[in-house]
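For reference, the structure discussed in these notes is given below.
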Amino acid sequence: MNAIQTNQLTRSFGALKAVDRLTLEIPRGTVFGFLGPNGSGKTTTIRLLLGLLDADQGSAQVLGFDTREQPDEVRVRCGALLEHHGLYERLSAAENLDYYGHIWHMSKADREKRIRELLEPLDLYERRDEPIGRWSRGMKQKLAVARTLMHRPELIFLDEPTAGLDPVASSALREDLSTLVAQEGVTIFLTTHNLAEAEKLCDRVGVINHGHLLAVGSPSDLRSKTSAPRLFVTGKDITSQIVEDVKNHPLVQRLQQQNGRLIVDLNDLTRSHEIVALLVRAGVQIDEVRKEKADLEDVFLQLVEEEKGGEE
Amino acid sequence: MIADVITVATKELREIFTFGDVRGRSKFSLLILVLIFGIVIPLQNGRDWVTSPISIMVWGWMPFLWVSGIVADLFAGERERHTLESLLATRLSDRSILFGKLFAALTYGFSLTWLIMLASLITVNIGFGSEGLLFYPMEMFFGAIVFSILISGLSACIGVLVSLRAGSVRQAQQMMSAGMLVLFLPFMLIQFIPKSWLEAAGNLLDNIQPVQVAVWLAVILLVVELILIAIARRMFQRSKLILD
């Protein structure tokens, strides 16, 4: 059974279509990354899936419950870390978690056990009685993730969990998130515009822009479907004539020259030796040749560019 | 639902009483309130502070003051601090959140008033009770108990409506202050009413039983509060609050 299934889900704000005919299936146990630039419709999608907003058209089922007809059933089974961490800064870490434990009717013993279970791997247990107002943003974000998992939900929504964190804090949070995800075995719907994060954490990703779902699949699927394989060549004596010859080779889709390095998008990476041979014959002194598939960022940019081109 | 209401109310009260908080209702300021209204003023007024029927006005007015100081924060504050959306994404029903916050404000208002009543009683007995134990007249005592709850409720209802509409805590506080001015305007204007009119009103009141007046007033307050709660329930909708 799917954890999330949407069918032509649409929501507008005035003339702006925030989510436009979104059809999506996310199997249980998946870490799904929803990628898109700011204002692309990611947060609105989460709000629709949690039943916090009603759709104008279409429908969505979350854990088998209709988000319009049974939003309470959806929220009982889900956890959410939304755009802001939403923690009470005058309360301590333990009090924040305890409050959410109360909300989900957990017993006192269970709440205490759960607080320890969640805070210990995050190195926050020893500081559980401190008011969190003076904590760093990274620590608060970790606590917010723990709060999301407090009631052992089947599905959690994380809206840009590392946004605004420095690279060290982001990386630490990603590690903690991976640990907790493995420990809890929940389905995760994660929105982000950090593509490295999506690549690291997600089994499947969807790319959204202007409310349109542009592509869905595993990161490697998307890379192979939407982007050409790449050859990076570093060397000396690369003249403009040589660059022109390479560009005109039938294997080459696109060629860029960056800091004396050639980046060649190929139709077929298994025939990359033909390009290397051409360069050697032309007298280039090659220092390094590296074959690589495009990363998720390239895929993302390509999809967004294609959509822009389509609109124009 | 009752368990959920208590959960929300307990968290609200815990935040209100958190030491050194920014709402200005810390344990320290609470102590100052009890000191002023439960010790200093009773010592200045002597036995009358407990025995005079006029002091029921004070016990009726006090909760309005206490509650209006914290109520603006209930929804406007949650929205301003970005905690409301997380709360709305939980399993709590709209009613539980609304009634939990109302209940917290109500409880804060009447319990603080009762605490000050008790402190006043102890102060007056220590200072002026040489001829025997002093206690509030029974009608006044029960009146103060009932009206402290009703006035706390009224203030909480008005505050919740203001807090739901206001864009920020500051705006909510300004609206509450303006509302208090309007409510107390009749008392301020009383000095401009001709003496003959006041005498006529006094004669009219002499013919009415005070208990009867109190009961009618209580019923009117209760009806007004029920209407305000109904309006608040209509205003409290997740989708509206999320978009706000």
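No value in this document is a laboratory result; all are computed from the given coordinates. Every value quoted in this text rests on a predicted model; they were computed, and no experiment measured them. Note that we place each Cβ from the backbone using ideal geometry, even for glycine, and neighbour counts take in every protein chain shown.
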Inset, instruction - Considering only B:Thr113, B:Thr18, B:Thr90, give the residue with the highest GNM mean-square fluctuation for chain B, with springs between Cα atoms whenever their separation is below 10 Å. - result: B:Thr90
Inset, instruction - Please work out the C-alpha center-to-center distance from the stretch A:1-73 to the stretch B:102-177 and express it in whole Å. - result: 46 Å
Inset, instruction - Find which of B:Gln209, A:Phe189, B:Leu189 sits farthest along the positive direction of the dipole of the protein assembly as shown, computed with +1 on the beta-carbon of Lys and Arg, -1 on that of Asp and Glu, about the Cα centre. - result: B:Gln209
Inset, instruction - Using only the Cα atoms of the stretch A:228-292, build the gyration tensor, take square roots of its eigenvalues as a ≥ b ≥ c, and label the shape rounded, prolate or oblate: rounded if a/c is under 1.5, else prolate if a/b is larger than b/c, else oblate. - result: rounded
Legend entry - the stretch A:90-152-the stretch A:177-237 distance, computed between alpha-carbon centres (Å): 30 Å
Legend entry - Nearest-0.05 FRET efficiency for B:Thr51 and A:Val76, computed from C-beta distance (R0 56 Å): 0.50
Inset, instruction - Tally the DSSP beta bridges in the protein assembly as shown and give the antiparallel ones as a percent, rounded to 5. - result: 70 percent
Legend entry - Simple spin-label estimate for B:Gln171 and A:Thr239 in nanometres, 7 Å along Cα-Cβ: 7.0 nm
Inset, instruction - Pop the C-beta distance of A:Arg28 and A:Arg137 into the FRET formula with R0 = 25 Å and round what comes out to the nearest 0.05. - result: 0.20
Inset, instruction - Measure off 7 Å from each Cα along the Cα-to-Cβ vector at B:Leu31 and B:Leu222, then give the distance between these two points in nanometres to one decimal. - result: 4.0 nm
Legend entry - Taking chain A and dividing mean pair separation by its residue count, relative contact order in percent (alpha carbons under 8 Å, at least six apart): 19 percent
Legend entry - Rough spin-label spacing in nm, given labels placed 7 Å along Cα→Cβ, for B:Leu204 and A:Glu175: 7.8 nm
Legend entry - Acute angle (nearest 10 degrees) that the helix A:93-103 long axis makes with the longest principal axis of chain A, alpha-carbon atoms: 70 degrees
Inset, instruction - Could you work out, residue by residue across B:77-90, how many beta carbons of other chains sit within 10 Å of that residue's beta carbon, and then give the average as an integer? - result: 6
Legend entry - Kyte-Doolittle mean at least 1.6, axial Cα span of 20 Å or more - DSSP H helices of chain B: B:56-71, B:138-165, B:210-235
Inset, instruction - Work out the length of the dipole vector of chain B about its Cα centre, built from +1 on the beta-carbon of each Lys and Arg and -1 on the beta-carbon of each Asp and Glu, and round it to the nearest 20 debye. - result: 720 debye
Legend entry - Segments A:190-198, B:200-208, B:116-124 sorted - mean Cβ within 10 Å per residue, highest first: A:190-198, B:116-124, B:200-208
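Evaluate E = 1/(1 + (r/R0)^6) for B:Phe141 and A:Gln57, where r is the Cβ-Cβ distance and R0 equals 56 Å; express this FRET efficiency to the nearest 0.05.
On the way: r = 62 Å, r/R0 = 1.10.
Once the sixth-power term is evaluated, E becomes 0.35.
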Inset, instruction - Per DSSP H run of at least 4 residues, take -39500 (n - 2.57); add these up for chain B, divide by its residues and hand me the 222 nm value, nearest 500 deg cm²/dmol. - result: -25500 deg cm²/dmol
Inset, instruction - Measure nothing but the geometry: give the 0 to 90° angle between the long axis through the Cα atoms of A:167-184 and the longest principal axis through the Cα atoms of chain A, rounded to 10°. - result: 60 degrees
